[in-house]
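The values are calculated or read from the model by the stated rules, or taken from the named source; none is laboratory data. All values reported here derive from a predicted model rather than from experimental measurement. Here the Cβ is made from the backbone with ideal geometry for all residues, glycine too, and neighbour counts use every protein chain on show.
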Amino acid sequence: MKKRGFEVVSKYRDANINLPKRQTKGSAGYDFEAAVDMTIPSIWSLNFVRIFRLIRNQHILNEFDFEKAEKIIKPFLVPTGIKSYMGDDEVLILANRSSNTFKRNLSLPNGIGVVDSDYYNNDNNEGEIFFQFINYGVRPFKIKKGDRIGQGIFMPFLKADEDGDLLVKRQGGFGSSGFGGEK
């Protein structure tokens, strides 16, 4: 019986995707590779400066300004072509590589990613894992297929006594379990 691991999602089955692996005996994280070539533009090239200038000069932003800013200031999703299976009491934590921030100006805007066990084979995208990046450097950053972009660490987690039985079935990925007070 399989406990935890990785598989290639069906849309990348014939794309020569490598399963994540640890690089050394003492490594906690499994290195994920990019499934495609991709360029992450600099936030400075995305008209970010205009929005920053408006805010800095205490300009009262209108709905058009907010909508424009929300379209501009978003992370870019880098596909891995990988899905992960694990026990119901486990989670896969996605972390940035230290070299991404230090040498490449790439940051995970959410700090870490959380891949729940029920994300595996979900109806929306088969459970494909993506890394979210923003490029705070001044140049666009080119990622090539096969570049190591992040790492995943399997962890057990604990539930509160009052947790109860949840019967909601996951439907998708980012934000699929709702936001704040949404119903």
* Structure fact -> Over the range 94-126, the set of residues of a type in the set (Gly, Ala, Ser) and over 19 Å from PRO140 (Cβ atoms) is ALA95, SER98, GLY111, GLY113, SER117
* Residue check for PHE141: modelled with pLDDT of 95 or more and more than 21 Å from ILE82 (Cα to Cα) -> yes
* If we only count strands (runs of 3 or more DSSP E) wholly inside the range 88-151, which ones have 1 or more residues that are under 18 Å from GLN23 (Cβ atoms) and of a type in the set (Phe, Trp, Tyr)? -> 130-135
* Asked: Are any residues in the range 65-85 out of contact with any Leu (no Cβ under 6 Å at 6 or more places or on another chain) and either at pLDDT 90 or above or in a strand (DSSP E or B) (or both), and if so, which ones?
  -> PRO75, PHE76, LEU77, VAL78, PRO79, THR80, GLY81, ILE82, LYS83, TYR85
* Out of the residues in the range 1-20 that are of a type in the set (D, E, K, R), under 16 Å from MET86 (Cβ atoms) and over 18 Å from the mean Cα position of the chain (by Cα), state the one that is modelled with the lowest pLDDT. => LYS2
* Asked: If you take the residues in the range 112-148 that are surrounded by 15 or more Cβ atoms within 10 Å (Cβ to Cβ) and of a type in the set (S, T, N, Q), which one is nearest to PHE6 (Cα to Cα)?
  -> SER117
* Find all pairs meeting these conditions: Cβ atoms under 9 angstrom apart; at least six residues apart or on different chains; first residue within the range 110-128 and over 19 Å from ILE153 (Cβ atoms); second residue of a type in the set (A, V, I, L, M, F, W, C) and buried (at least 18 other Cβ atoms within 10 Å of the Cβ). => ASN125/VAL9; GLU126/VAL9
* Would you mind telling me which numbered condition in (1) loosely packed, with under 14 Cβ neighbours inside 10 Å; (2) more than 17 Å from PHE32 (Cβ to Cβ); (3) at pLDDT 85 or above GLU182 fails? => (3)
* **Hits in the range 106-155 - residues which are under 11 Å from the mean Cα position of the chain (by Cα) and not hydrophobic (A, V, I, L, M, F, W, C)** => SER107, PRO109, ASN110, GLY111, GLY113, GLU128, GLN132, GLY150, GLN151, GLY152
* To do: Could you grab the pairs with beta carbons closer than 7 Å, sequence gap of 6+ or different chains, first residue in the range 81-104 and closer than 26 Å to LYS11 by Cβ, second one part of a loop (DSSP other than H, G, I, E, B) and hydroxyl-bearing (Ser, Thr, Tyr)?
  => LYS83/TYR120; SER84/TYR120; TYR85/TYR120
* Asked: Given the conditions (1) closer than 27 Å to GLY150 by Cβ; (2) of a type in the set (Asp, Glu); (3) in contact with a helix residue (DSSP H, G or I) (Cβ under 8 Å, 6 or more places away or on another chain), and given that ASP65 satisfies all but one, which numbered condition is not satisfied?
  -> (1)
* Structure fact -> Among residues of the range 21-54 being more than 19 Å from ILE134 (Cα to Cα) and at pLDDT below 85, the residue surrounded by the fewest Cβ atoms within 10 Å (Cβ to Cβ) is ARG53
